[in-house]
Amino acid sequence: MDRLFVCGDTRSIILSNDGATLLGHMGIRHPAARTLIDLSKSQDNAIGDGTTSVVVLACALLRSALPLLEKGMHPTLISHAFRRCAAISLGIVDDVAILLTPDNKAELLSHISSTSMSSKTIGQACDHISALAVSAMTYVGGNMAASSPSLNLAKSVRVLPLSGSSMMSSRLVLGTVVPFRSVCSSPFPSRLHGGACVMVARLDLEHWRPRIWGAKIHSTSLSQHVEITQREREMIREQCARIAKLGVDIIINQGLVYSVAAQCLEEHGVHVLTVTEPADIDAVARATCSSVVSDLDTVNPNKLGRAKALQIVTIAETAFLQI
């Protein structure tokens, strides 16, 4: 059941059934109550579910401890008893635990996912969304974790919310999917195979700026302004030539790349794509095993990445680049 919460200071309205969200906006100052809120946030960060349950359980334990405190029992003894109870409870959980096997793995994970999502605002799409979640985590944990033991499974699965359709239209796309914009005059091929060399960058290729902080360039005549502009374009072309010399096929840049640099790179056979969100550029860097380039003076072939295949996919009438 969703709760309508009105914040006292900003008068903003929050509609949610998540315990951590509601507790985080209550503005409670009591130290004990703040501890419960921190407990809920820790549960949300560690597991992502059960935020209300841990608060209810903690309140029940505190309620049970109150008569003991009134009888004069020391809090240290009560805490020690709670720890012993926790050890016994974990032992019971181990006894009733069901071992995951290749035969029951898919069914059990589906039940776990459905149970976790039953209290969320998913409604009739619960079974569909839980199946997608299980498929995604199974793919990441089975295929990608084998090659990268230190892989963070939670950060390896992205959820992209899109408007214009129902939750039943949600689908799993293998690989990295990011919204993009092509700035070259020639169309980007809908499918590209063969291992393209990719540079993931945060560069401003259109404007040259002095490296001395606060330095300015003044022109006193039109001829000087034209000369400065021509020199700036020559420096941009030199930068583009350096990029092409590295064997780069595609540049995926955070931020816009304007006409001069885009045209020069296209002449060298380098296609330029732009993204806007920092999370998207980081996801592309992880997918291509490359480093984000922010300075051309420090770029080298080791910072470049490879993409076995790139293609354009359309999801909810929005074009995405799939790597």
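The values are calculated or read from the model by the stated rules, or taken from the named source; none is laboratory data. In this text the structure is predicted, and so the values were computed from the model without any measurement. Here the Cβ positions follow ideal geometry from the backbone for every residue, glycine too, while neighbour counts run over all protein chains shown. Accessible surface is based on the protein model in full, side chains and every heavy atom, while ligands, DNA and RNA are left aside. Shrake-Rupley method; radii C 1.70, N 1.55, O 1.52, S 1.80 Å.
Summary of values
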{"item": "Gained length - Thr276 relative to Asp94, 0.36 nm times residue gap less alpha-carbon distance", "result": "60.8 nm"}
{"item": "Accessible surface, 1.4 Å probe, highest first, among residues Thr115, Thr318", "result": "Thr115, Thr318"}
{"item": "Sequence of Asp297, Asp44, Asp103 from largest to smallest accessible area, 1.4 Å probe", "result": "Asp103, Asp297, Asp44"}
{"item": "Farthest positive-ward along the stretch 209-323 dipole, Cα basis, beta-carbon charges - from Thr274, Leu246, Phe320", "result": "Leu246"}
{"item": "Residue-level accessible surface for Lys105, protein heavy atoms, 1.4 Å, Å²", "result": "90"}
{"item": "Net charge over other residues, Cβ less than 13 angstrom from the Cβ of Gly305 (K, R count +1; D, E count -1)", "result": "+2"}
{"item": "Whole-Hz couplings from phi, Karplus 6.51/-1.76/1.60, listed for the stretch 258-266; x for Gly and Pro", "result": "8, 4, 4, 5, 5, 5, 5, 5, 5"}
{"item": "Heavy atoms of His80 accessible to a 1.4 Å probe, total area in Å² rounded to 10", "result": "100"}
{"item": "Burial ranking of peptide ranges 84-90, 304-310, 59-65 (average Cβ count within 10 Å, highest at the top)", "result": "304-310, 59-65, 84-90"}
{"item": "Solvent-accessible surface ranking, highest first, for Ile228, Ile281, Ile323 at 1.4 angstrom", "result": "Ile228, Ile323, Ile281"}
